[in-house]
Amino acid sequence: MEWSSTTLRMFRALAETGSFTAAAAALGYSQSAVSRQVAALERSTGRRLVDRRADGARLTAAGSVLLRHASAALDEIDRAERVLSGAAPAVAPIRLGVFTSVGAALIPETLALMRRHAPDVEVTTREGSTPALTRSVRAGTVNVAVLSSRQPFRPPDDQAPLLEVETLIEGDLLVAVPARGDLGLDGSVTLAELAAASWIAGPQTTGEPAMGVWPALPQRPAVSHVARDWLGKLTLVGAGHGVTTIPPYLVGLVPASVRLARVADGEPVTGRVVMARLPGPADPAVSALADCLREAAAGLPLA
């Protein structure tokens with residue numbers, strides 16, 4: 001069997017994006033070109049590699065096996081190209097993926113710790129949604145991913161083998177209210193007060209719950225403003241334009257214009273920040289990164 005690196009890159013992009021259309025857009029090909037190459041790969045291997053479903057593409061067990069080996073081969077090809085061009089680093093970079101909201105709290109200290117404890121290791125980072133980063137771990141384009149997890153705390157996906165997952169942070173969701181307002185003066189708010197409030201939410205992401213709105217309100221929330229990043233949301237809250245939820249790991253980044261409150265009634269909404277990677281022995285550089293993530297997470301101020 002002979003496979004070109006282009007075909008394997010298309011296959012890896014499909015696994016990472018979960019969609020023929022998205023893979024084509026990421027690589028600059030047409031959707032039909034990616035579909036033809038993956039079909040040719042299936043004919044060459046004699047195995048069905050991809051389940052084509054209404055909600056996207058998902059690798060079969062055979063596809064997952066091929067993906068692991070294809071990713072390793074593509075990494076070696078990329079490394080050879082860097083060596084031949086004279087641009088190769090002393091070691092291969094370790095790729096860290098984090099879900100968007102945790103990056104500001106966790107990445108700077110993690111990178112500082114890596115410079116101190118493993119100065120010869122190059123770390124590259126990317127942000128993404130938890131589903132996208134889970135696919136990236138499977139595809140081998142991310143070595144370690146920091147993911148969000150909500151009750152009942154299921155594994156990131158149901159594919160085999162299960163990813164190795166470790167909890168870095170666990171805590172209850174809080175509500176950010178204007179410091180100059182009347183809400184949360186005693187450090188708590190009620191569901192009735194939140195139901196009557198104007199909300200500042202993040203844009204809805206496919207496969208992810210809406211960020212910024214309390215998930216157990218007794219009625220549909222009134223969303224007055226949509227902001228993509230937490231700084232934008234907190235700035236709007238501080239200016240008195242509404243309220244938003246905030247995870248406990250961002251407590252240290254809250255400005256003085258914002259007051260934090262717990263919800264007095266109803267069940268607390270507990271979340272986790274977890275670290276995930278493919279199972280099996282870890283590369284020493286990956287182990288060093290995991291240690292630094294643990295240390296950075298342990299040092300975060302939590303409410």
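The values are calculated or read from the model by the stated rules, or taken from the named source; none is laboratory data. Model, not experiment: these values are computed from the prediction. Ideal geometry is used to build each Cβ from the backbone, glycine not excepted, and the neighbour counts take in all protein chains shown.
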Note to self: Yes or no: segment 251-263 includes at least one residue that is closer than 17 Å to LEU183 by Cα and among the basic types (Lys, Arg).
What the structure shows: yes
Check: Are there any strands (runs of 3 or more DSSP E) wholly within segment 112-222 with 2 or more residues that are closer than 25 Å to LEU300 by Cα and modelled with pLDDT of 95 or more, and if so which?
Finding: 144-150, 164-172, 174-178
Note to self: I'm trying to understand the selection: among the residues of segment 270-303, which are assigned to a helix (DSSP H, G or I) and among the small types (Gly, Ala, Ser)?
What the structure shows: ALA285, SER287, ALA288, ALA290, ALA296, ALA297, ALA298
Margin query: Every residue in segment 224-240 that is loosely packed, with under 15 Cβ neighbours inside 10 Å and more than 21 Å from the chain's Cα centre (by Cα), please.
Written below: SER224, ALA239, GLY240
Next item on the list: Say whether the condition of being touching a residue at least 60 places away in the same chain (Cβ under 8 Å), outside the structural domain of ALA288 (by TED's automatic domain parsing) and either in contact with a strand residue (DSSP E or B) (Cβ under 9 Å, 6 or more places away or on another chain) or among the hydroxyl-bearing types (Ser, Thr, Tyr) (or both) is met by at least one residue in segment 21-32.
Entry: no
Margin query: What's the total number of residues in segment 136-194 that are closer than 30 Å to ALA26 by Cβ and either surrounded by fewer than 16 Cβ atoms within 10 Å (Cβ to Cβ) or not polar (S, T, N, Q) (or both)?
Written below: 23
Checklist line | Selection within segment 223-269 - in contact (Cβ under 8 Å) with a residue 40 or more places away in the chain, of a type in the set (Ser, Thr, Tyr) and assigned to a helix (DSSP H, G or I) | finding: TYR249
Next item on the list: Output the residue which, of all residues in segment 133-160 that are hydrophobic (A, V, I, L, M, F, W, C) and in contact with a Gly (Cβ under 8 Å, 6 or more places away or on another chain), is farthest from PHE11 (Cα to Cα).
Entry: VAL146
Notebook entry, point to check: Is at least one residue of segment 27-38 surrounded by 16 or more Cβ atoms within 10 Å (Cβ to Cβ), of a type in the set (Gly, Ala, Ser) and under 17 Å from GLY140 (Cβ atoms)?
Noted result: no
Check: Of the residues that sit in segment 33-58 and are at pLDDT below 85 and in contact with a strand residue (DSSP E or B) (Cβ under 6 Å, 6 or more places away or on another chain), which one is farthest from ARG135 (Cα to Cα)?
Finding: ALA57
Margin query: Would you confirm, using the coordinates I've provided, whether GLY63 is surrounded by 14 or more Cβ atoms within 10 Å (Cβ to Cβ) and at positive phi?
Written below: no
Next item on the list: Within segment 60-83, track down each residue that is more than 13 Å from GLY140 (Cα to Cα), aliphatic (A, V, I, L, M) and in contact (Cβ under 8 Å) with a residue 12 or more places away in the chain.
Entry: ALA61, ALA62, ILE77
Check: Restricting the search to segment 42-78, which residues are basic (Lys, Arg) and closer than 19 Å to ALA22 by Cβ?
Finding: ARG52, ARG53, ARG58
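One line per residue, one yes/no per condition, for (1) touching a residue at least 12 places away in the same chain (Cβ under 8 Å); (2) touching an Asp or Glu at 6+ places or on another chain (Cβ under 8 Å); (3) in the same structural domain as LEU250 (by TED's automatic domain parsing):
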{"position": "THR100", "(1), (2), (3)": "yes, yes, no"}
{"position": "ALA105", "(1), (2), (3)": "yes, no, no"}
{"position": "ARG116", "(1), (2), (3)": "no, no, no"}
{"position": "THR125", "(1), (2), (3)": "yes, no, no"}
{"position": "PRO131", "(1), (2), (3)": "yes, yes, no"}
{"position": "VAL137", "(1), (2), (3)": "yes, no, no"}
{"position": "GLY140", "(1), (2), (3)": "yes, yes, no"}
{"position": "PRO156", "(1), (2), (3)": "yes, no, no"}
{"position": "LEU163", "(1), (2), (3)": "yes, yes, no"}
